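K.L.:
First the structure, then my questions, so here it is.
Any read-out appearing in this document is the output of simple, stated calculations on the displayed coordinates, not a laboratory observation. Since we're looking at a predicted model, the values are computed, not measured. As a convention, Cβ positions derive from the backbone with ideal geometry for all residues, glycine included, and neighbour counts pool all protein chains shown.
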Amino acid sequence: MKVLCIGSMNLDFVYSVDHIVAPGETEASASLDVFLGGKGMNQSVALAKAGADVYHAGLIGEDGKVFLDACTEHNVNGKHIRVVEGKTGHAIIQRDKNAQNCILLFGGANQLLTEEYVDSVLADFEAGDILLLQNEVNMLPYIVDKAYEKGMQIAINPSPYDEKLNAVDMAKISFFLLNEVEGEQVTGHDDPDYIIANLLGLYPEAKIVLTLGKNGAVYADKNQKHYQPIFKVQAVDTTAAGDTFTGYFLAAVSEGMDVPAALKMAAKASSIAVTRAGAVPSIPLRAEVEAALAE
Ligand code: RIB
């Protein structure tokens, strides 16, 4: 089974700051690092490091060819990535002394997908393959419709949440992977039980993974519900922690691992990611995750 992620590639400009800058305030940053990121690429790398057969598709500008090298380095099949005119997406990230961050996105090439491009990518996949999406590229409604027609299983991480997602036919989604903020944005309530019940009420066949920050994560479908606490660590950078969780969880269940074990592996992988700086570079290899789980 192949996993296709049609998703963003961002150059992450990460500024270390004492505190997240307030409106009207000017603050000097202590350092600037540039990392590879984008929710799509982060999740593809996490899937690959977890052992999945993953293909990443999306668009970059001439300034983003480093993502092609990254695919080769991390065992992600990048043959569908196209270089287009314009700038690669980027993110301005402030990372404060408590490892919290805030992210400002510039979509760039991520927002230039066309029907022709999507069709050419999907032609390489078949019924049963998994499609993973986030909300950092355009064309999501079209992608979902076309992938569903083919019989692909569709997983969505509705992040960052915005009103464009209302145009997506969510009844075609098999997996929802979201955090508590997105859960509230989608359902209008912040109670995890309500969020899950609401989503399962609307989409009874779906599988829901709701991450709850320091309160762990919950999985639910119509037959089972499981809770996974976090592994406590000293965080230095939380960027891509959720992406690591998403990639690891999907890779684990797609290889047939049971849900409690998949949740545990995803939680451990993301606990390692937050101890390292950056997005793509912070994502651990499966061997590291398994060694840490065995400790
Ligand atoms: O989820 C983290 C990612 O969000 C960063 O890598 C940044 O590029 C934004 O897409």
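K.L.:
List ILE130, ILE92 from most exposed to least, where exposure is judged by having the fewest other Cβ atoms within 10 Å.
P.N.:
Details: ILE130 25, ILE92 14.
Fewest-to-most ranking of ILE130, ILE92: ILE92, ILE130.
K.L.:
So what is the diffusion coefficient of the range 1-79 in µm² per second by Stokes-Einstein at 25 °C and 0.890 mPa s, using a Kirkwood Rh over Cα pairs?
P.N.:
Values: Rh = 14.0 Å.
Approximately 175 µm²/s, per Stokes-Einstein.
K.L.:
Please report the antiparallel percentage of the DSSP beta bridges confined to the range 173-295, to the nearest 5.
P.N.:
Values: 8 of 13 bridges.
Around 60 percent antiparallel, to the nearest 5.
K.L.:
What is the fewest-to-most order of CYS71, CYS5 by other Cβ atoms lying within 10 Å of their Cβ? Mind showing how you got there, number by number?
P.N.:
Details: CYS71 21, CYS5 32.
Fewest-to-most Cβ neighbours within 10 Å comes out as CYS71, CYS5.
K.L.:
Please compute the alpha carbon radius of gyration of the chain, then divide it by the globular-protein estimate 2.2 N^0.38 Å. Two decimals is fine.
P.N.:
Working: Rg = 18.0 Å, N = 295, 2.2 N^0.38 = 19.1 Å.
Scaled against compact globular proteins, the figure is 0.94.
K.L.:
Now a separate question. What nm value, rounded to one decimal, do you get for the distance between ALA127 and VAL181 when each label is placed 7 Å out toward the C-beta?
P.N.:
Going from the ALA127 label point to the VAL181 one covers 4.0 nm.
K.L.:
Right, something else. Contact order normalised by length for the chain, with contacts defined as Cα pairs under 8 Å and 6 or more residues apart; what percent is it? All intermediate terms of the calculation are to be shown ahead of the outcome.
P.N.:
On the way: 678 pairs, mean separation 53.0, N = 295.
Normalised by residue count, the contact order of the chain is 18 percent.
K.L.:
Pick from GLN43, GLN153, GLN100: which is most flexible by mean-square fluctuation in a GNM of the chain where alpha carbon atoms under 10 Å apart are linked?
P.N.:
Among GLN43, GLN153, GLN100, the largest mean-square fluctuation in the Gaussian network model of the chain belongs to GLN100.
K.L.:
Mean Kyte-Doolittle of at least -0.5 plus a Cα span of 18 Å or more along the axis: flag which DSSP H helices in the chain meet both, please.
P.N.:
Numbers: long enough: 241-254 (20 Å, 0.80); 259-273 (21 Å, 0.95).
Membrane-span-like by this rule: 241-254, 259-273.
K.L.:
Among SER254, SER282, SER16, which comes first, second and so on when ranked by fewest other beta-carbon atoms within 10 Å? Could you put the intermediate results ahead of the total?
P.N.:
Values: SER254 23, SER282 26, SER16 16.
Sorted ascending by nearby Cβ count, the order is SER16, SER254, SER282.
K.L.:
For the chain, set up a Gaussian network in which alpha carbons nearer than 10 Å are linked by springs, and say which option among VAL66, VAL45, VAL274 fluctuates the most.
P.N.:
VAL66
K.L.:
For the range 168-295, calculate the relative contact order in percent as a whole number, restricting contacts to Cα pairs under 8 Å that are 6 or more residues apart. Before the final figure, lay out each step's value.
P.N.:
Numbers: 201 pairs, mean separation 23.9, N = 128.
Reported as a whole number, the value is 19 percent.
K.L.:
Which value in deg cm²/dmol, rounded to the nearest 500, describes the helix-derived mean residue ellipticity at 222 nm for the chain, given -39,500 (n - 2.57) per DSSP H run of n ≥ 4 and division by the residue count? Each step should come with its number before you reach the end.
P.N.:
Values: 9 runs with 97 residues, N = 295.
That calculation yields -10000 deg cm²/dmol at 222 nm.
K.L.:
Among LYS49/LYS172; LYS2/LYS207; LYS49/LYS79; LYS79/LYS150; LYS150/LYS172; LYS150/LYS207, which pairs are too far apart, with a Cα-Cα distance over 22 Å?
P.N.:
On the way: LYS49/LYS172 28 Å; LYS2/LYS207 19 Å; LYS49/LYS79 18 Å; LYS79/LYS150 20 Å; LYS150/LYS172 12 Å; LYS150/LYS207 20 Å.
Violating the 22 Å limit, Cα to Cα: LYS49/LYS172.
K.L.:
Next question, about the same structure. Mean shadow of the range 204-290, computed from the convex hull of its alpha carbons, in nm²?
P.N.:
The directionally averaged projection comes out at 5.4 nm².
K.L.:
What's the center-to-center distance, using Cα atoms, between the range 183-215 and the range 119-162 in Å?
P.N.:
Computed from Cα coordinates, the inter-centre distance equals 21 Å.
K.L.:
Follow-up. After finding the eigenvalues of the alpha carbon gyration tensor for the range 137-254, what semi-axes result from the square roots of 5 times each, listed largest first in whole Å?
P.N.:
23, 16, 15
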